[in-house]
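Notes follow the structure.
The values are calculated or read from the model by the stated rules, or taken from the named source; none is laboratory data. Being a predicted model, the structure only gives us computed values, none of them experimental. Quick reminder, even Gly has a Cβ in these numbers, built from the backbone with ideal geometry, and neighbours come from all protein chains shown.
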C-alpha cells in the first residue's frame, strides 16, 4: 500500500497560451488557433505530470477561462455586475449575474476530459465547479418568470449531468471545487448560507449511488488567486463539521498554509467517517518557496498521527492558477512544488513501512 497523491486542478498556463488568450480577446487570433494552442498546453501539462511520477493526472485547466465560469462560455443571459469576491490583498473577482432563464450549461467538463484522455493512458481526474458556486449567479431581486426555486432545480440537474458526463467519459474521479464554502462563513457568520450550499451540493451528490460516490470528491480552500486568499481568516472549525456531511468519498483539504495544522488535523479526526479518504494539502501554491521533499514528508507523518493511513492522501492546498489571467505563479514553480509533493509523499510512505 502507498499513500495516494493528487493535484487539485489548475496549472499556470505557458507563456504562449497567455499571449494567445490576450490576442484572442482582442480579436487578433481566430478561435481555431487558440484551441490548437490550448491543446498543446494540455498535452504538455499531462506529459510533465507523468514525468514527475504522478499516478493520477489533471489537464491543468489549460482550456478553461476559470474553474468557476467554464459552463457559462457563450451564454448571453448574463450581466457583468454579479457577486463580488474580495481578496486579502485588496483585489476582487466578480461573478456575472443571471438575467433570464432557463439556466443551462453551455460547456460541460467532460469536453476537457475527453480532450485530455486523447493524450495519455494514465488515470485523469476532472475538476468541476460545485453547484453552490453557480448558485451565486442568481440575483437578490427575482427574475421575472424564473424563480430562484426554478433556477436551483435547473442548476442541480445541470450539475448532475456535468458530473455524470465525466464519470461516463472515464474520469478516474470527479472533484467538486467548493472554495466558496469557507468564504460563505465570512459573508454570513450565522452559517445559513453554508447550510444552503451543503444542501444544494448534497442534492446533487445524493443522485449518485455508493459506488459512484467513491469516485467523487470535494475540494475546499480559502481561495488562491494572485497569491492571495479570500477567507483564510475564517476558522476552519466552523466549516469542517458541515463539510464532512457531503456525500462524497474523497475530501481535498487545504492544510499547508494553515497557521496551526495540527489543530485542524484534530478536527478532521473527530469528523472522519469510515470509507472516506482525506487528501491533506502539503504544498502551498501561493508561497514562492518550494517545499523540500523532507518538509512534505514531515507534514504527511504529522497527518498520519490523526488520520488512518488507509484513509490518507496528499494534495496541493489549491490549484495554482484557477483563473486564466493569473500569472502570479510560474509554471516551473508549480511543477517544482508538485515534484516535492510526489517525492515527499513517497518518503512518508517509506517511513511508515508501506
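Is it true that some residue in region 280-288 is over 19 Å from residue 88 (Cα atoms), assigned to a strand (DSSP E or B), in contact (Cβ under 8 Å) with a residue 60 or more places away in the chain and touching a helix residue (DSSP H, G or I) at 6+ places or on another chain (Cβ under 9 Å)?
yes
Looking at region 251-289, which of the residues that are within 21 Å of the chain's Cα centre (by Cα) and surrounded by fewer than 16 Cβ atoms within 10 Å (Cβ to Cβ) is nearest to residue 225 (Cα to Cα)?
287
Evaluate the following for residue 123: is it surrounded by fewer than 19 Cβ atoms within 10 Å (Cβ to Cβ), within 18 Å of the chain's Cα centre (by Cα) and closer than 20 Å to residue 252 by Cβ?
yes
Can you tell me which residue among 296, 278 is farther than 20 Å from residue 217 by Cα and touching a strand residue (DSSP E or B) at 6+ places or on another chain (Cβ under 9 Å)?
On inspection, the qualifying residue turns out to be 296.
Check residue 183 against each of (1) over 22 Å from residue 61 (Cα atoms); (2) touching a strand residue (DSSP E or B) at 6+ places or on another chain (Cβ under 8 Å); (3) modelled with pLDDT of 95 or more; (4) crowded, with 16+ Cβ neighbours inside 10 Å and name the one condition it does not meet.
(3)
Kindly provide the set of residues from region 62-74 that are in a loop (DSSP other than H, G, I, E, B) and either modelled with pLDDT of 95 or more or in contact with a helix residue (DSSP H, G or I) (Cβ under 6 Å, 6 or more places away or on another chain) (or both), ordered by number.
Listed by number, the residues that qualify are 62, 63, 64, 68.
Go through region 325-354 and report how many residues are modelled with pLDDT under 95 and either surrounded by fewer than 21 Cβ atoms within 10 Å (Cβ to Cβ) or farther than 29 Å from residue 23 by Cα (or both).
Going through region 325-354 one residue at a time, the tally reaches 7.
Considering 176, 194, which residue is part of a helix (DSSP H, G or I) and either in contact (Cβ under 8 Å) with a residue 40 or more places away in the chain or more than 18 Å from residue 67 (Cβ to Cβ) (or both)?
194
Test residue 136 against the stated conditions and say whether it is more than 27 Å from residue 52 (Cα to Cα), out of contact with any strand residue (DSSP E or B) (no Cβ under 8 Å at 6 or more places or on another chain) and modelled with pLDDT of 95 or more.
Against the criterion (more than 27 Å from residue 52 (Cα to Cα), out of contact with any strand residue (DSSP E or B) (no Cβ under 8 Å at 6 or more places or on another chain) and modelled with pLDDT of 95 or more), residue 136 qualifies.
What number goes with the only condition from (1) closer than 29 Å to residue 150 by Cα; (2) in a helix (DSSP H, G or I); (3) touching a strand residue (DSSP E or B) at 6+ places or on another chain (Cβ under 6 Å) that residue 116 does not pass?
Every listed condition holds for residue 116 apart from (1).
Here's a check for you: in region 1-34, which residue that is without any contact (Cβ under 8 Å) to a residue 60 or more places away in the chain and crowded, with 19+ Cβ neighbours inside 10 Å is nearest to residue 350 (Cα to Cα)?
Ranking the qualifying residues of region 1-34, first place goes to 17.
Going by what's in this entry, would residue 93 be described as outside any loop (DSSP other than H, G, I, E, B), under 30 Å from residue 301 (Cβ atoms) and touching a residue at least 12 places away in the same chain (Cβ under 8 Å)?
no
Could you tell me whether any residue of region 217-234 is in contact with a strand residue (DSSP E or B) (Cβ under 7 Å, 6 or more places away or on another chain), touching a residue at least 24 places away in the same chain (Cβ under 8 Å), under 27 Å from residue 350 (Cα atoms) and outside any strand (DSSP E or B)?
no
Looking only at region 35-42, decide whether some residue is crowded, with 17+ Cβ neighbours inside 10 Å, under 22 Å from residue 284 (Cα atoms) and within 21 Å of the chain's Cα centre (by Cα).
No, region 35-42 contains no residue that is crowded, with 17+ Cβ neighbours inside 10 Å, under 22 Å from residue 284 (Cα atoms) and within 21 Å of the chain's Cα centre (by Cα).
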